[in-house]
Amino acid sequence: MDLSSTTKVVNNVIDLKAGVARIKAEFVLTGNDKSPTPNTLPCQKEEDLNNLEVDMTDETTSDQEPPNKKQCYLSRKEKRRGQNKSRPPPFKLSRESRLCPALQDVPEDEPWPECKNEKCTFIHNVPEYISSKLPDIGPVCYLYSVYGHCPRGQTCRFGSQHLTKEGKNCSNKSCNRTDASTINFLTKELQADLRKRRYDFSKSENIITSLDKMKQKKAEVRSGARKVDGQGNETKLEENQYSNLKMEVDDHIPDQKCTNENNEVEDKLCGPAVLPDLALKREKKELNWQNKLYLAPLTTVGNLPFRRICKELGADITCGEMAMASSLLQATQQEWALVKRHESEKLFGVQLCGNNPYVMTRCTQLLEEQMSINFIDVNLGCPIELVYQQGGGSGLLRREKVLESVVRSMSNVTNLPLTIKTRTGVYTDKNIAHTLVPKFRDWGASLITVHGRSREQRYTRNADWNYIETCAKLASPTPVFGNGDILSYEDYERVSIDYPSIKGVMIGRGALIKPWLFTEIKEKRHWDISSSERLDILRKYVNYGLEHWGSDTKGVENTRRFLLEWLSFMYRYIPVGLLEEPPQKINQRPPGYRGRDDLETLMASANCTDWIKI
């Protein structure tokens, strides 16, 4: 990492600017030592070089027309920060180059099946497909080694271990593992019911209808029971209006006795119960949240293989990536993949994002009835502009009445604990979470997580733990978790001691930078992990990725993509043995430094070409 402008070595004393971590002098790269890696790979072919040339004779360079977008982009000053806006679309194979699914996993002792789809455009000649597919990456298939069977069959990029000469798929019955380790799949029947709108959402509709009637009744009460005095601009309640209102409300109380013929008290509601099928607080499933380590729901990078890694390293609570409630109701395969759960995730939840109670309530009912989950989380912190403008995520913080309807209806439709993840507010100078957390408690939330930054701040400021403590006191007895800037067990201990009202922490970026942080917290130590141990973690992640996304070409490309996404965070880790004053702070960046071995140096590189080498 090149930060030559921030470091200066004088008499073996390193002069650092603010925000730069202190590295031991023998590891710091001075100006003479630095040999920065190029930002991109060199052109391998002549046609690659030709593609970089800009045709200056194009009509868009004339004086009458503005330059095209590409030329404007090339003329800008190059910056080494921000997202890569020019990244290609996700990898996708054409149908004509893929093997027909009917022929993909054929056991060696069974005949070749026939494809019954007359319009099928996939390849049906297995020897032709095997000869034309990309060569195998390695000789050992992880799925075959662990489970004794690879469901990808002929398409597996490690297929030489389990394919016969004819191209049929072998099985090893001596393997102990035969059960599936992943659950929560979208079945074809459920997909058809959702897309054809045959699924029974009557429970949600009754609750939403009752909630709408209650809101309408409150509006009528406010408009009919108040009178504005023109002189004093005061709101007064007249006695005759109050008596009429009281009689009107009493009319809705069912004329039922609370005792039976034997004068025994019956177990039923004898009052103006507005909402049917209420999941009362005493009936909700209770979870022990106290001092649990909660892995944050991380979009894109918080996938199932990553959660498995964190679970093995000490995480207690895991939650799936943010799922759009509307897409789940539309039975979108890509969205339902975010609901999948591994058997090792003992305390697992699904995070929903939406902008209205109708979609959120139906989705809550659907997940409870069809999936195996322990809780449902409401996303009130997503800062993405598109989601925010549509009124979802942190946009719900501006719409308190809609937010109340969302939380109340979701809480009433399910017996699962309902949790909420929110930010301090939308704007930097206007915190509103302290006004909402007591309402979340009253509306039915079982756990509230407060991210100590606003939507505008993103990650540019330190998390405000004093404010989170204030929110925790106001929300009592509902537990409140804090989120932000936890990167060492010392950070965790400081929160536990200085902010006693906070019942636990949620860890996001800290887990991406060093997933063994959960182990450090539980063992109360700094783990000076070696580069080989870190490589073992990455190797395990790749194996889990091949199991989750598949060992065919598409699955391999997905695994590579998400591995690179993770490495874009993981390279920021500074080994403990290199720091002068451990632990590392999350808002500190290191100067240019070399590791204790070549692999450690490679892992510290900010260059994506070095990540590909890993």
What list of ³J(HN,Hα) couplings, whole Hz, do you get for segment 355-371 from phi and the Karplus terms 6.51, -1.76, 1.60, once you set θ to phi - 60° and write x for glycine and proline? 10, 8, x, 5, 6, 5, 5, 4, 5, 4, 4, 4, 5, 5, 7, 10, 10
Convert each backbone phi in segment 597-613 into a coupling constant with the Karplus relation 6.51 cos²θ - 1.76 cosθ + 1.60 (shift: θ = phi - 60°), then list the ³J(HN,Hα) values in order as whole Hz, x for Gly and Pro. 8, 5, 5, 5, 5, 5, 5, 8, 6, 8, 8, 5, 5, 6, 5, 5, 4
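Pop the C-beta distance of ILE137 and THR209 into the FRET formula with R0 = 51 Å and round what comes out to the nearest 0.05. Working shown, then result.
Values: r = 56 Å, r/R0 = 1.09.
Step by step, r from the Cβ atoms, then E = 0.35.
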Projected label distance in nm at GLU385 and GLU581, using a 7 Å step from Cα toward the beta-carbon: 3.8 nm
Summed side-chain charge close to MET570 - residues other than MET570 whose Cβ falls under 9 Å, Lys, Arg +1, Asp, Glu -1: +3
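Write out the trypsin sites (Lys or Arg not before Pro) in segment 488-556 meeting two conditions: DSSP loop, and at most 14 other Cβ atoms within 10 Å of their Cβ.
Details: sites: ARG494, LYS503, ARG509, LYS522, LYS524, ARG525, ARG534, ARG539, LYS540, LYS554; in loops: LYS503, LYS524, ARG525.
Answer by residue number: LYS524, ARG525.
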Note to self: C-alpha centroids of segment 115-177 and segment 486-507 sit apart, in Å, by 49 Å
Just in segment 94-200: which GluC sites (Glu not before Pro) are loop by DSSP and have at most 16 other Cβ atoms within 10 Å? GLU108, GLU114, GLU118, GLU166
Output row, site ASP610, 7 Å Cα→C-beta label point, backbone N cut-off 12 Å, window segment 577-594, residues 590-594
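How much net charge surrounds GLY159 when only other residues with a Cβ under 10 Å from its Cβ are counted (Lys, Arg +1; Asp, Glu -1)? Kindly include the intermediate steps, with their values, before the conclusion.
On the way: positive: LYS133, ARG152, ARG157; negative: ASP136, ASP552.
Here the count lands on +1.
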Once both label points are put 7 Å beyond Cα along the C-beta direction, the ASP105-ASP536 separation in nm becomes 3.1 nm
Return the long-range amide H neighbours of THR424 (sequence gap of 5 or more, or a different chain), with a cut-off of under 5 Å between placed amide H atoms. HIS451, ARG453, SER454
Residues with amide H under 5 Å of TYR593's amide H, sequence separation 5 or more or different chain, H placed in the peptide plane at 1.01 Å from N; which? LEU29
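Which entries in LYS168/LYS311; LYS116/LYS188; LYS311/LYS430; LYS524/LYS613 show an alpha-carbon gap greater than 27 Å?
Working: LYS168/LYS311 36 Å; LYS116/LYS188 18 Å; LYS311/LYS430 36 Å; LYS524/LYS613 34 Å.
Table pairs above 27 Å Cα-Cα are LYS168/LYS311; LYS311/LYS430; LYS524/LYS613.
Work out the FRET efficiency for ALA219 and ARG458 from their Cβ-Cβ distance, taking R0 = 41 Å, and round it to the nearest 0.05.
Values: r = 37 Å, r/R0 = 0.91.
Once rounded, the FRET efficiency stands at 0.65.
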Would you mind pulling out the separation of the Cα centroids of segment 381-395 and segment 573-590, in Å? 34 Å
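Quick one: net charge of GLU189's neighbours, Cβ under 13 Å, K/R +1, D/E -1? Let's see the in-between values first.
Details: positive: LYS188, ARG195, LYS196, ARG198; negative: ASP193.
Overall, the nearby charge balance is +3.
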Just to check I understand the Karplus step: with θ = phi - 60° and J = 6.51 cos²θ - 1.76 cosθ + 1.60, what whole-Hz values come out for segment 487-492, glycine and proline as x? 10, 7, 5, 5, 4, 5
Do any of LYS217/LYS439; LYS196/LYS421; LYS213/LYS284; LYS292/LYS439 go past 27 Å between their Cα atoms, and which? LYS196/LYS421
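Please work out how much length the chain gains when fully extended from CYS120 to ASP200, using 0.36 nm per residue of separation minus the C-alpha to C-alpha distance, in nm with one decimal. Show your work: numbers first, answer last.
Values: separation 80, 0.36 × 80 = 28.80 nm, distance 3.39 nm.
Extra length available between CYS120 and ASP200 comes to 25.4 nm.
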Testing the spin-label approximation: label points 7 Å from Cα along Cα→Cβ at ASP498 and ASN172. State their distance in nm. 5.2 nm
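Read the figures in this text as sums done on the coordinates, not as results from a lab. Remember, it's a predicted structure, so these values are computed and weren't measured experimentally. Using ideal geometry, Cβ is built from the backbone for each residue, glycine included, and neighbour counts are taken over all protein chains shown.
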